[in-house]
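Student: This is the structure, below, for whatever I ask next.
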Amino acid sequence: MAAAAADESSSFCSSSIFSQKSTRLPDDTVFYAIFPDFVLDPTTPNDLSSLQSLHLQIIQFLSPFTTDYIWQHEPFTLTPSSTPRSSCVCSSDLPHLHGKVRFGDNLEDEWFTVFLLFQICLHFPSLSIRVWDTDGEFLLIEAAFHLPRWVNPDNSLNRVFLRQGDLHIVPRNRLSSPSLADSLKFLVGCGVESRASESVQRAVKKKISDYPDRARRNMHRVRVRVPVSVAQVLKQEPCMISLAVEGFYDRDIDTMKFAATMEKFLGRGKDEELVCVSVKMSRAMYAQLVQQTFQAPKCYPMPSRSDLSVYMEAELGMKIACGLEMMYQQRKRDGVEGRGSTWEAFKQALERSGYFQGLLPGSKEYQRLMQNAEEYYRSSSVYSRVSDLLSAPVRRIDEILALPHSVDDFKDQEVPPSDDDSWLYGGEEELNSVLLERQKEMELYDLKHKKKGKGKEQQEEGLSSGSNAREFNPADITNTMQAFVHKVSSYKGAEAPESMNKEVDLDVDQFIKDMESVMKHQGVKDDDSDVEEGSSSEVDFDDSDESDMAEPDNEDGGDTFMQSYSDAMSEELKATTLGRSFVRANEQIPKKDEQGTSNTVENMDEDFSPVDVDLNLVKSFLDSFSSQQGLPGPASNLLGLMGVQFPQDDNKGK
């Protein structure tokens with residue numbers, strides 16, 4: 001976990017995956033950063049030795065959890081970073097420990113990492129930890145139904161931390177736009193205020209409640225038959241199974257050429273004898289091997305299909321052997337071989353980071369720093385071994401196969417049977433239970449906010465809390481309609497609230513022409529002599545003078561026009577039955593007989609009683625809403641804009 005700590009720290013912070021200028025983080029990687037409280041104290045020297053001491057304590061504490069765990073691509077690592085780096089998103093200018101885990105298709109690795117981080121902050125209470133991936137603060141996503149409503153991805157930066165075994169969210173009302181240092185200081189001084197609610201704690205911790213037992217259950221042991229060279233490598237370094245599976249699963253046309261010859265792991269070709277061994281891998285790795293069809297190379301010594309169990313063990317072993325061959329040859333060809341934890345590489349990294357402070361070699365202070373570095377190297381190399389192996393597998397494989405080994409080393413040894421793999425085919429019930437659980441969570445969330453919404457409406461409308469508090473009042477329609485027209489209407493017309501506005505493409509000139517053609521009086525159409533010479537059929541508002549419109553001489557003309565217009569409209573409506581559809585003042589709403597005809601006075605032409613506008617408005621809305629039969633329609637949409645909601649028909653379907 002960081003024998004070459006300073007070297008890894010340099011490449012880690014400067015790499016694009018942590019750069020603020022990076023366009024995209026890896027989709028299958030979780031990142032984390034650990035900030036000790038002492039980095040906030042200006043009186044405490046923030047030198048590399050303090051971080052190295054904390055680093056050794058943490059990895060020693062985690063060792064029992066991670067010793068037998070097989071990681072999908074790379075193990076949990078921590079590296080110190082003491083020098084300020086502007087390109088390091090996780091650090092700002094504060095010394096810290098950081099790391100990343102590429103989990104690939106195995107999400108168990110990500111949540112196991114979260115479990116380890118919770119254990120760290122629980123065991124070391126003076127630490128604050130950040131953890132994130134491509135989705136950002138993915139822990140908040142897990143607790144989305146329980147978060148404060150103000151929290152969103154845009155304002156969550158530098159707010160979400162793990163501390164003392166709990167999730168903390170720096171409140172907005174205390175720090176509006178916090179820097180990393182501001183949030184860390186707030187956690188130290190006011191951690192009680194930032195601790196997330198119990199519902200958020202339960203939602204997040206539920207995902208890791210089964211660990212570390214779940215991590216052990218995620219391991220799968222299986223019997224395979226492989227060439228002796230493959231068996232020797234996996235015996236010495238069991239963690240290399242992850243590289244073998246990765247090489248097989250991510251194969252392409254170029255790497256498959258290496259599997260066709262099996263130059264490294266199948267020197268004798270079909271004369272090679274297969275040995276039976278037990279291999280431990282994650283369930284995700286096992287699924288990647290089993291569920292892909294792969295034809296064995298012609299040079300590979302596959303047994304007969306007569307013994308199906310032996311053949312299946314050999315087929316799975318063949319995939320592992322081919323994957324190991326493809327990985328080895330590709331890394332060797334491309335030169336993508338890490339340096340591992342060599343002392344020289346570690347020493348050079350220390351020199352580049354300024355660890356020796358420009359001291360002359362041989363001086364007393366230089367020797368003291370060198371002794372501390374050697375002690376740290378020896379201690380950390382024990383825990384960084386897996387990481388070094390996976391970064392430099394070619395050299396290690398060459399070292400293993402250079403030692404004497406034979407088939408006899410694997411004969412006469414008892415191999416345990418394969419673990420039950422029914423979990424691979426019976427996950428439907430588990431998936432359904434997870435979906436049902438999430439559905440219940442969504443329903444509870446909706447019910448909770450629906451009750452809050454109803455309570456708010458009752459408070460605003462001054463309704464009582466009794467059983468009849470939500471009874472529908474028809475007067476709401478007329479009152480809200482009048483408020484709607486008066487508040488958001490002008491000479492340009494009535495407008496919906498801004499939140500409901502949408503762009504409308506309207507040809508104004510064509511609209512005016514169409515309106516004129518409809519509203520022209522028949523007599524005007526037949527007698528063109530009434531039209532003054534030189535007048536235009538189009539309305540030109542730009543040429544009008546506002547002072548002319550304000551002259552009082554036009555008032556009588558306007559009244560005359562409106563009277564004439566009203567008389568003409570009344571005359572035209574007399575020839576229709578429209579007038580009979582209105583309810584007039586002091587008149588009951590007409591009831592329809594069995595034939596559907598109205599029992600109103602037959603001759604409404606002579607009835608000059610005024611029309612009850614409010615009553616007709618309510619009646620029209622109710623008729624329109626009833627005709628919708630519970631579906632969306634113009635009445636419900638319009639009233640929705642005004643904040644009025646019709647009650648449900650309790651008698652429907654009875």
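The values are calculated or read from the model by the stated rules, or taken from the named source; none is laboratory data. Keep in mind it's a predicted model, so treat the numbers as computed, not measured. FYI the Cβ positions are ideal-geometry reconstructions off the backbone, even for glycines, and counts take in every protein chain you see. The area values use the complete protein model at the heavy-atom level, side chains included, leaving out ligands, DNA and RNA. Shrake-Rupley method; radii C 1.70, N 1.55, O 1.52, S 1.80 Å.
Student: Confirm whether THR83 is of a type in the set (Ser, Thr, Tyr), modelled with pLDDT of 85 or more and either in contact with a Ser or Thr (Cβ under 8 Å, 6 or more places away or on another chain) or not in a helix (DSSP H, G or I) (or both).
Tutor: When the stated conditions are applied, THR83 does not pass them.
Student: Then there's this: I'd like the residue in the range 134-158 that is within 21 Å of ASP93 (Cα to Cα) and touching a Leu at 6+ places or on another chain (Cβ under 8 Å) and, out of all such residues, is surrounded by the most Cβ atoms within 10 Å (Cβ to Cβ).
Tutor: That would be ASN158.
Student: Go through the range 156-189 residue by residue and tally those that are over 17 Å from LEU127 (Cβ atoms) and assigned to a helix (DSSP H, G or I).
Tutor: 1
Student: Condition test on TRP132, is it closer than 28 Å to ARG438 by Cβ and part of a strand (DSSP E or B)?
Tutor: Numbers: closer than 28 Å to ARG438 by Cβ: yes; part of a strand (DSSP E or B): yes.
When the stated conditions are applied, TRP132 passes them.
Student: When you scan the range 158-168, do you find a residue that is closer than 22 Å to PRO36 by Cβ, among the acidic types (Asp, Glu) and over 11 Å from the mean Cα position of the chain (by Cα), even just one?
Tutor: So far as the range 158-168 goes, yes, one or more of its residues are closer than 22 Å to PRO36 by Cβ, among the acidic types (Asp, Glu) and over 11 Å from the mean Cα position of the chain (by Cα).
Student: Residues to consider are PRO404, PRO361, PRO416; find the one that is more than 29 Å from PRO75 (Cβ to Cβ), modelled with pLDDT of 85 or more and outside any helix (DSSP H, G or I).
Tutor: Working: PRO361 fails: modelled with pLDDT of 85 or more; PRO416 fails: more than 29 Å from PRO75 (Cβ to Cβ).
Unique residue meeting the criteria: PRO404.
Student: Turning to a different aspect of this structure: Run PHE118 past the list (1) under 28 Å from HIS73 (Cα atoms); (2) in a loop (DSSP other than H, G, I, E, B) and report the number of the one that doesn't hold.
Tutor: Just one mismatch for PHE118, condition (2).
Condition check ((1) more than 30 Å from PRO417 (Cα to Cα); (2) free of Cβ contacts under 8 Å to residues at least 24 places away in the same chain; (3) touching a Lys or Arg at 6+ places or on another chain (Cβ under 8 Å); (4) open to solvent by 30 Å² or more (accessible area, probe 1.4 Å)) across all residues:
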{"site": "VAL170", "(1), (2), (3), (4)": "yes, no, yes, no"}
{"site": "ASN173", "(1), (2), (3), (4)": "yes, yes, no, yes"}
{"site": "LYS185", "(1), (2), (3), (4)": "yes, no, no, yes"}
{"site": "ALA196", "(1), (2), (3), (4)": "yes, no, no, no"}
{"site": "ALA215", "(1), (2), (3), (4)": "no, no, no, no"}
{"site": "MET219", "(1), (2), (3), (4)": "no, no, yes, no"}
{"site": "SER229", "(1), (2), (3), (4)": "no, no, yes, no"}
{"site": "LYS235", "(1), (2), (3), (4)": "no, no, no, yes"}
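Student: Sticking with this structure for a sec: With respect to LEU266, determine if the residue is modelled with pLDDT under 90 and crowded, with 22+ Cβ neighbours inside 10 Å.
Tutor: When the stated conditions are applied, LEU266 passes them.
Student: Give ILE241, ILE253, ILE208 a once-over and let me know the one that is free of Cβ contacts under 8 Å to residues at least 60 places away in the same chain and of a type outside the set (Lys, Arg).
Tutor: Going through ILE241, ILE253, ILE208 in turn, just one is free of Cβ contacts under 8 Å to residues at least 60 places away in the same chain and of a type outside the set (Lys, Arg): ILE253.
Student: Another question, if that's okay. Please indicate, with yes or no, whether at least one residue in the range 211-220 is in contact with an Asp or Glu (Cβ under 9 Å, 6 or more places away or on another chain), within 30 Å of LYS332 (Cα to Cα) and at pLDDT 90 or above.
Tutor: yes
Student: Still on this structure, I have one more. Using the structure shown, decide if SER242 is over 26 Å from ALA392 (Cα atoms) and of a type in the set (Ser, Thr, Tyr).
Tutor: No: the conditions fail for SER242.
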